[in-house]
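Here is the structure we will look at, set down as structure tokens.
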Amino acid sequence: MASAPLEFLVVRIGMTGDSLFALPVIRSLRAAHPNSNITMVVSPRGYDLYRVSDSRFGVDTLISYDFYHPKFAQWSTRRKLNGRRFDAVFFLDTDLGYLNFFTENISSPNWYRMVTTRDQLGGVQIVQNSVGETAHICDQYLQLVEAYGVTPVRSYSIPLSPRSRHKADVFRKRLKLGARKVVGLHWGNHSKNTNILFPKETFDGRAWSMDSYVQLATQLMAVHPDTVFILTGGAYERPLVRQLHKKMTQAGVASINLASKTNDLVSLLGLLSILDLFVVGDTGPMHLASAVGVNTAALFFATSPMDTGPYNSRNSLIIQSPIPCAPCLNTPHSFRCPEGANCVQLLTSDAVHLAISSRFDWSGQC
């Protein structure tokens, strides 16, 4: 008689990039136990990410946990998981509030989470971080499946779904791109809750300055005058991207403002796939671009590329701000940099342009 399939639960409640970092864990479990049932609890954004794939990236059951509405999220999650028993639970969050909720409502003989500076929670196996805190977060997560006896699969790439490929064709036709070079500029990762380090710009340690993007675009156009620039950003960044679009126009740079036009991930992935180059800070679209194989220039200031940079990507170029205190890892929205955010100013468009020119072939190959 065939044995019952194993039941696994993976919990990663975070934004798009955080959810994508869990993908190697999912693929490792699926490779080791192909007939298992994998359930994943993610944020609404992570829920959308896994649903864009026809196979849900190997996840059988997705549960959306809206951390902005914790009471409803707990009620809904408890109802969906009621009575289920899991052979192993892999908890990828560091929030012990979440952990307490899941241990109280889920039955499993094997719990795994990364060690933190806080006390151990009874019944949960702590996995010591042998790769170091400077290792990529994906490698830190993979230690959990190794502790369970599963060989890690360090696969981070994601295939385009038929829907995203259709969106890519729609963008090419509607934007009338033809054979022109297409460069995406994501002047984003700004918060709704701005701390105003700069009078007209918000900053949380992960975004380059607006003028630097304009200067870089001018330099790229000097090499390929037919280049068209596509500006992306979230809905709440639309006023800021509008300013960038105006500055680009004044500088004689052809650009298309698509801020808030790709809020659904199907459209965003389709758009990213048609780019010859994507210049972006440490934010969700950076991880998506590197995962679909887009040539990506990833700019890092306060955050660490060793920890949250593109993972196992041959198409990504990491450019770190040349300042001794970077990365300081100070990215809360209330953060006020004692150095005046010099990590942003010291990364010049000349340096970024030189790095891009040295790394990428503009035919779209890497």
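FYI, it's all coordinate maths here, none of it is from the lab. Keep in mind it's a predicted model, so treat the numbers as computed, not measured. Cβ placement follows ideal geometry from the backbone for every residue including glycine, while neighbour counts extend to all protein chains displayed.
Loop-resident trypsin sites (Lys or Arg not before Pro) (DSSP state other than H, G, I, E or B) in the stretch 24-91 with no more than 16 further Cβ atoms inside 10 Å of their Cβ: R84. Cross-link check: pairs K173/K261; K167/K247; K176/K246 evaluated at a Cα-Cα cut-off of 25 Å; pairs beyond the cut-off: K167/K247.
Subtract the Cα-Cα distance of D95 and T61 from 0.36 nm times their separation in residues, and report this length gain in nm to one decimal. Present the calculation step by step, with values, prior to reporting the outcome.
Details: separation 34, 0.36 × 34 = 12.24 nm, distance 2.25 nm.
Residue separation times 0.36 nm, minus the Cα-Cα distance, leaves 10.0 nm.
Please sort 178-184, 281-287, 354-360 by packing, taking for each peptide the average over its residues of neighbouring beta carbons within 10 angstrom, highest first. Write down the numbers at each step before the final one.
On the way: 178-184: 16.7, 281-287: 26.3, 354-360: 14.9.
Output ranking for 178-184, 281-287, 354-360: 281-287, 178-184, 354-360.
Working note: Karplus 6.51/-1.76/1.60 with θ = phi - 60° gives the stretch 266-278 the couplings 4, 5, 4, 5, x, 5, 4, 5, 9, 7, 7, 7, 10 Hz, where Gly and Pro are set to x.
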